[in-house]
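Heads up: the structure comes next, in structure tokens.
The values are calculated or read from the model by the stated rules, or taken from the named source; none is laboratory data. Owing to the predicted nature of the structure, the values given are computational and were not obtained by experimental measurement. Note: ideal-geometry Cβ built from the backbone for every residue, glycine included; neighbour counts use all protein chains shown.
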């Protein structure tokens, strides 16, 4: 009878079905998981390829990719073979089972355990070490490309007379090969020894021979290879001395041979090389002798020699030959280091010229007249007036200017420029559509004259929304900028906000550029949904025909992506050329293999008070040390299309030539730079910072003087900051001694090491259209006790005029901000000019209120405009030395307006009452006095303004101010 459910057949069938379902489900889930991981990997690769293709630099992607793949497979396979072949040989050379000792027989259970899996175990181990080695080798793609594409420097090192390219391009690759050889040999040796031990070829505790003849021969060959590689290492170490860094009294980053290197380490390395070769031959000889006696003796001799010859002997030479007369012994090597360092950093043509630092003339009127043409004094400090740009030209709260504005030249004048970029954090309503589809771009550039102000605020030459002014017509949409870090999807069904008009109506637009990646393809959408972890991209109805995704949108990251072999300057800046906004990005080629040239860390060297106080103003990211740098490439990024252009700038740079061979067609020739763009190219700040850091020591070319550090300099601290950060270099049009007219320059000052007085002034011609572009002029101050920036700042702050005005401003609850302390050579001395700003407690931005001037030890001026300050300092046009001002005084001359007089009298009385109340501890009376003071100052200001309007006079800082009968439009006359 059939079983109705109690028999064994029924239950087995009921249990079996769920089991099969479970296995099917698990298998399906496993397949889906594998497919999911594969698609995630594919998405990363595919989106990268699409992006490089969209910017038309697909050759960079493919060259880099194939180089990495080639290195991965070649060195991964070599490592796998090194391990696999040695394990296979050790297994094949195993002794017969009958010959095994009792010790080896105890390992039977291990051999039996791995016997069924030994094939797969061998494959797994070799595959694992191969993958690790391949991944490590793939990271050396730059080293490989430099090695195979390297071009000569046509410069040789002074010790071995090898071309510099050997140290820059060849030696790093040889060292990698050597390191890989050591790793493969050691891992192969360990694997072979374990296999021999497991299968009886090696014995540890058993009596008799410790190893079979086959095992002895096998391991001896591997040890011989290791020692032979050590011989190669000793030989390469000889050349490595030319690029070796060490601590030395003369400099913390000394590179190259010293006396002990040339006379002790170099011969020691040669002797050790010979010993290692002999020792390696002894190990190889065990193939015939079958004994380790001689190789072990040879290896011991090599180790002893390394200790005595390579360690003790150089120490003896240093102690008893060098230290008693170190300066004389090291002088030839210091000379080589100085020459190589100056050449590697492009400062070899810079010579310090003596400059008094103090004028010997008493002709104040001539000095005052010369001051107008000595420099174009920038009253608008780009580090301070950004809030003024923000409040006066922001237009909409979701726009933002950079915290530090840029300096450029338009119509022959120094100009402050900033872009009105998008700031999504200020949107009233944040959501996915608004963030990525509606608010997609900034709008317009705003510019102001560098030297002129209006009512204390910048005098704008391009303003409004849309902007209008001196720049003419240009495409004002900014899809690519320094603050554009999010992705946007444009060109599809969803319209974008172009800009909002004053009446509240919104102008809409749709992106017409060819930038970005097309999302019409569902595979592309799926890939970006996975790569960006944004599933909405896959199914959103806001994406359709014509939709394109824009990302990697900051100028810096776009240039870094298309030219990963370049080091990027920390301060891209915008220009308006050919009806377009284009970002200019300075890029550098670097090396750490220039023989004898001292190294520096770019990230540390380029840090100053600007980028330390402004997180959005980056320093050069490279933190590894380099000892060769060239500003070899000028790059541009179109703010609308995102198009990246790389232009050759230094046509003689061998490092750039090498990379152009590796990536042909990516860098255009220098002749392709448009002339209107060239007019806005400038000497880069980061390059200048590196050079000034090196020149603080390497302005000295005499080895003895360099060794004693008797004339070491330092970059002074920024006198306007309190964090002891380095003063930044300033772009400034000025006339250096010997020049017939002003040149757009980048300037800095030096003080003696550990001292505040001025020791040198450095300027480089920063105008790319000038025949002297890149020429560094270095003035060494020959007089003692010439005041440096910090001393000048302290002198100004402690003067009665400045101190009283600052006290009055603080009494009126205003914040005083000091602008850039500009230094300009004038008649064998130095003229210091500093704009000073004030910002009330409820004010949104600072305004220029005073200008301080210092010349020499005694001449100072402090007035409402540059013209008046200069007149006061030099005592011309009826001016006299500055007198203490009444609270809130806006002119340097006594006013005749009775209303102003009465208001100032009230202000003075309120100020005195407040000081007395503060001494008495009567804070209620103090508060009342401050209210009366503020009211009196406001009355005085209004009355003064009314008088000036009635008489047609200019207000504080207007560019119409006269100077010595000359028009205020002369350079430097505008306050």
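Would you pick out the residues in the range 810-823 that are in contact (Cβ under 8 Å) with a residue 40 or more places away in the chain and either part of a helix (DSSP H, G or I) or within 32 Å of the chain's Cα centre (by Cα) (or both)? Outline the logic, then answer.
Of all residues in the range 810-823, those in contact (Cβ under 8 Å) with a residue 40 or more places away in the chain come to 811-813, 817-823.
Across the range 810-823, the qualifying residues are 811, 817, 818, 819, 820, 821, 822, 823.
Among the residues of the range 422-438, those identified as touching a strand residue (DSSP E or B) at 6+ places or on another chain (Cβ under 7 Å) and surrounded by fewer than 22 Cβ atoms within 10 Å (Cβ to Cβ) are 423, 438. Residues in the range 703-719 that are within 30 Å of residue 730 (Cβ to Cβ), touching a residue at least 40 places away in the same chain (Cβ under 8 Å) and assigned to a helix (DSSP H, G or I): 706 alone.
The set of residues in the range 753-770 that are out of contact with any strand residue (DSSP E or B) (no Cβ under 6 Å at 6 or more places or on another chain) and either over 16 Å from residue 719 (Cα atoms) or assigned to a strand (DSSP E or B) (or both) comprises 768, 769, 770. Only one of the listed residues (847, 826) is within 35 Å of the chain's Cα centre (by Cα) and within 28 Å of residue 363 (Cα to Cα). That residue is 826. Considering only the range 668-697, state which residues are touching a residue at least 60 places away in the same chain (Cβ under 8 Å) and assigned to a loop (DSSP other than H, G, I, E, B). If the condition is that a residue be touching a residue at least 60 places away in the same chain (Cβ under 8 Å) and assigned to a loop (DSSP other than H, G, I, E, B), then 674, 679, 680, 681, 683, 684 are the ones that fit.
Looking at 792, 802, 700 in this structure, which one is at pLDDT below 95, assigned to a loop (DSSP other than H, G, I, E, B) and surrounded by 14 or more Cβ atoms within 10 Å (Cβ to Cβ)? So that I can check it myself, show each step before the final result.
Working: 792 fails: assigned to a loop (DSSP other than H, G, I, E, B); 802 fails: assigned to a loop (DSSP other than H, G, I, E, B).
Selected residue: 700, the only one of 792, 802, 700 that is at pLDDT below 95, assigned to a loop (DSSP other than H, G, I, E, B) and surrounded by 14 or more Cβ atoms within 10 Å (Cβ to Cβ).
Listed here are the residues, each with its yes/no results for (1) touching a residue at least 40 places away in the same chain (Cβ under 8 Å); (2) surrounded by fewer than 24 Cβ atoms within 10 Å (Cβ to Cβ); (3) in the same structural domain as residue 407 (by TED's automatic domain parsing); (4) more than 17 Å from residue 831 (Cβ to Cβ).
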position	(1), (2), (3), (4)
730	yes, yes, no, no
737	yes, yes, no, no
742	yes, yes, no, no
758	yes, no, no, no
767	yes, yes, no, yes
772	no, yes, no, yes
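There is at least one residue in the range 311-321 that is out of contact with any helix residue (DSSP H, G or I) (no Cβ under 7 Å at 6 or more places or on another chain), modelled with pLDDT under 90 and not in a loop (DSSP other than H, G, I, E, B).
Here residue 805 fulfils each of the conditions (1) touching a residue at least 60 places away in the same chain (Cβ under 8 Å); (2) closer than 20 Å to residue 371 by Cα apart from (2). Residues that are surrounded by 21 or more Cβ atoms within 10 Å (Cβ to Cβ), out of contact with any strand residue (DSSP E or B) (no Cβ under 9 Å at 6 or more places or on another chain) and modelled with pLDDT of 90 or more occur in the range 192-210; there is at least one. For the residues 186, 151, the requirement of being closer than 30 Å to residue 333 by Cα and either modelled with pLDDT of 95 or more or surrounded by fewer than 19 Cβ atoms within 10 Å (Cβ to Cβ) (or both) singles out 151.
Scanning the range 830-845 for residues that are surrounded by 24 or more Cβ atoms within 10 Å (Cβ to Cβ) and more than 15 Å from residue 797 (Cα to Cα) returns 830, 831. Could you tell me whether the range 247-256 includes any residue that is touching a helix residue (DSSP H, G or I) at 6+ places or on another chain (Cβ under 9 Å), buried (at least 19 other Cβ atoms within 10 Å of the Cβ) and part of a helix (DSSP H, G or I)? So far as the range 247-256 goes, no, none of its residues is touching a helix residue (DSSP H, G or I) at 6+ places or on another chain (Cβ under 9 Å), buried (at least 19 other Cβ atoms within 10 Å of the Cβ) and part of a helix (DSSP H, G or I).
The lone criterion from (1) assigned by TED's automatic domain parsing to the domain that holds residue 402; (2) without any contact (Cβ under 8 Å) to a residue 24 or more places away in the chain; (3) touching a strand residue (DSSP E or B) at 6+ places or on another chain (Cβ under 7 Å) left unmet by residue 524 is number (2). Restricting attention to the range 291-315, the residues that are in contact (Cβ under 8 Å) with a residue 40 or more places away in the chain and either touching a strand residue (DSSP E or B) at 6+ places or on another chain (Cβ under 7 Å) or exposed (fewer than 15 other Cβ atoms within 10 Å of the Cβ) (or both) add up to 1.
Yes or no: the range 463-475 includes at least one residue that is within 34 Å of the chain's Cα centre (by Cα) and more than 30 Å from residue 414 (Cβ to Cβ). No: zero hits.
Under the condition of being modelled with pLDDT of 90 or more, farther than 25 Å from residue 715 by Cα and in contact with a helix residue (DSSP H, G or I) (Cβ under 7 Å, 6 or more places away or on another chain), the residues counted in the range 823-858 number 3.
Yes/no per residue for (1) in contact with a helix residue (DSSP H, G or I) (Cβ under 6 Å, 6 or more places away or on another chain); (2) more than 14 Å from residue 378 (Cα to Cα):
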position: 399; (1), (2): no, yes
position: 418; (1), (2): yes, yes
position: 422; (1), (2): no, yes
position: 450; (1), (2): no, no
position: 455; (1), (2): no, yes
position: 461; (1), (2): no, yes
position: 469; (1), (2): no, yes
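If you go through the range 510-521 and keep only what is surrounded by fewer than 16 Cβ atoms within 10 Å (Cβ to Cβ) and under 37 Å from the mean Cα position of the chain (by Cα), you end up with 510, 512, 514. Within the range 58-80, can you find the residues that are over 13 Å from residue 48 (Cβ atoms) and in contact with a helix residue (DSSP H, G or I) (Cβ under 6 Å, 6 or more places away or on another chain)? 67, 71, 72, 75, 76, 79, 80 - these are the residues of the range 58-80 that are over 13 Å from residue 48 (Cβ atoms) and in contact with a helix residue (DSSP H, G or I) (Cβ under 6 Å, 6 or more places away or on another chain).
The rows are residues; the columns are (1) under 18 Å from residue 649 (Cβ atoms); (2) out of contact with any helix residue (DSSP H, G or I) (no Cβ under 7 Å at 6 or more places or on another chain).
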| site | (1), (2) |
| --- | --- |
| 725 | no, no |
| 737 | no, yes |
| 743 | no, yes |
| 757 | no, no |
| 762 | no, no |
| 765 | yes, yes |
| 782 | no, yes |
